[in-house]
Amino acid sequence: MAERLSFEDQISRNKLKSFVLMVIIFIFFLILGYVISMIVDPSLFFIIMIFSIIISLIYIWVGYYNSDKIALASVKAKPASHTHHRMLYHAVENMSLASGLPMPKVYVMESQEINAFASGRDPEHAVICVTTGALAKLNKEELEGVIAHEMAHIANFDIRFMTLTAVLVGMIAIAAEVFLRSLWFSSGDRNRGNAVLIILGILFAILAPILAQLVSLAISRRREYVADATGVKFTRYPKGLANALKRIKAEHVPYADTKKYPKAVAPLFISDPFKKKVQNLFSTHPDINERIRRLESM
C-alpha cells in the first residue's frame with residue numbers, strides 16, 4: 001500500500017522550497033552587483049543598482065495594485081450572475097467559509113476550456129474568475145476543488161509572493177541591461193587590462209536574467225503544489241481537485257480557443273491554458289500527472 005501524503009507536510013515543504021528559490025534569485029542579484037563593481041567605476045555601480053531597483057519597483061507597484069483589473073480585462077471577464085451561476089457562487093461561498101477568508105468577487109470568462117484563476121493583492125481585494133467550460137463540465141465536488149485551489153492562492157498571498165519574485169527578476173534584468181550598455185561608453189584604455197573579467201561579466205550579465213527567470217518559473221510551479229495541498233486542507237476531499245485535473249488533462253480544446261489567454265496571465269491559471277505536451281524548465285505549471293498523483297496519495 002502506497003504511503004499517504006500529509007497535506008500539511010506538503011504545504012510546509014513546498015513553502016520552504018519556494019523560499020530557498022527566492023534566496024537563489026537574490027544571490028544572483030548580489031553576484032551580478034559584485035561583478036559590475038569589479039569591472040566599472042564604483043560610483044557607476046551604485047547608479048546602476050539604484051536605477052534598476054527604482055525602475056523595477058515602480059513597474060511592479062503599478063501592476064501589483066492593479067493586478068486584478070489587468071487580469072480580468074485581459075480575458076474579457078464579466079461579473080458572475082447570482083441567478084445563472086448559482087453553483088459557482090455556492091462553491092465560492094463554501095470555500096470562503098472553509099478558509100476563513102472574505103468572499104472574493106466572482107467573474108466568468110468565455111472559454112470552452114476548464115480553467116480558473118485568482119488575483120488581487122490581498123484577501124480583501126481578491127477576485128476569482130472561472131471559465132464557462134469549467135461551469136459546464138465540472139460537477140459540484142470538482143468545482144469546489146478548483147475554487148479551493150484558487151482560494152489557497154489568495155490565502156497564501158501568492159500574488160504578493162510572485163510580485164516580490166518579479167521585482168527581484170526585474171532588478172537583475174535592468175541591472176544587466178544597463179551594465180551591458182554602459183560598456184559601450186566606458187574607456188577602452190581602462191578596460192583593456194581587464195579583458196577576461198569583462199568577458200566573464202558580459203556572459204554573466206546575459207545569463208543571470210535567464211537563470212533568474214528559470215528560478216522564478218520553478219517558484220511558480222512550487223506555488224501550484226502548495227495551492228493544491230492547501231485546497232485539500234479546505235475541502236478535506238482530495239478527489240474533487242484530482243478529478244477536475246483529470247478532466248483538464250483529458251479535454252481537447254480547439255486551438256483558436258487558447259488565443260483568448262494572454263501569455264502574461266497564463267501562470268495565474270490552475271493549469272497551463274496552452275496545454276504544452278512536454279514539461280520543461282520554462283513551464284509555468286508542474287506536470288499535471290504528478291499533481292494528480294500527489295492528490296490521490298493524500
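Readers should treat all values here as calculations from the given coordinates under stated rules, not as data from a laboratory. The shown structure was predicted, so the numbers you read here are calculated from the model rather than taken from an experiment. Cβ atoms come from the backbone with ideal geometry, glycine included; neighbour counts cover every protein chain shown.
Key figures for this structure:
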read-out	value
Pairs from Lys15/Lys76; Lys15/Lys233; Lys76/Lys233 whose Cα-Cα separation, in the structure shown, is over 26 Å	Lys15/Lys76; Lys76/Lys233
Cα gyration tensor category, rounded, prolate or oblate, for the chain with a/c compared to 1.5	prolate
Extreme residue, positive dipole direction of the chain, given options Pro273, Pro209, Ser220 (C-beta unit charges)	Pro273
Along principal axes, Cα extents of the stretch 105-231, largest first, whole Å	71, 29, 23
Sequence-distant residues sharing a close amide H with Tyr107 (under 5 Å, placed H)	Ala80, Ile128, Cys129, Val130
Contact order relative to length of the chain, as percent, for alpha carbon pairs under 8 angstrom and 6 or more apart	28 percent
Amide N proximity, the stretch 197-214 versus Tyr34 label position 7 Å along Cα-to-Cβ, cut-off under 18 Å	197-209, 211-212
Two-site FRET efficiency, Ile50 against Asp9, from Cβ-Cβ distance with R₀ of 45 Å, rounded to 0.05	0.60
Pairs from Lys105/Lys275; Lys69/Lys140; Lys17/Lys78 whose Cα-Cα separation, in the structure shown, is over 32 Å	Lys17/Lys78
Per-pair calculated FRET efficiency, R0 = 41 Å: Met87 and Leu214 via Cβ, rounded to 0.05	0.55
Simple label model, 7 Å out from Cα along Cβ direction - Thr132 to Asn66, nm	2.8 nm
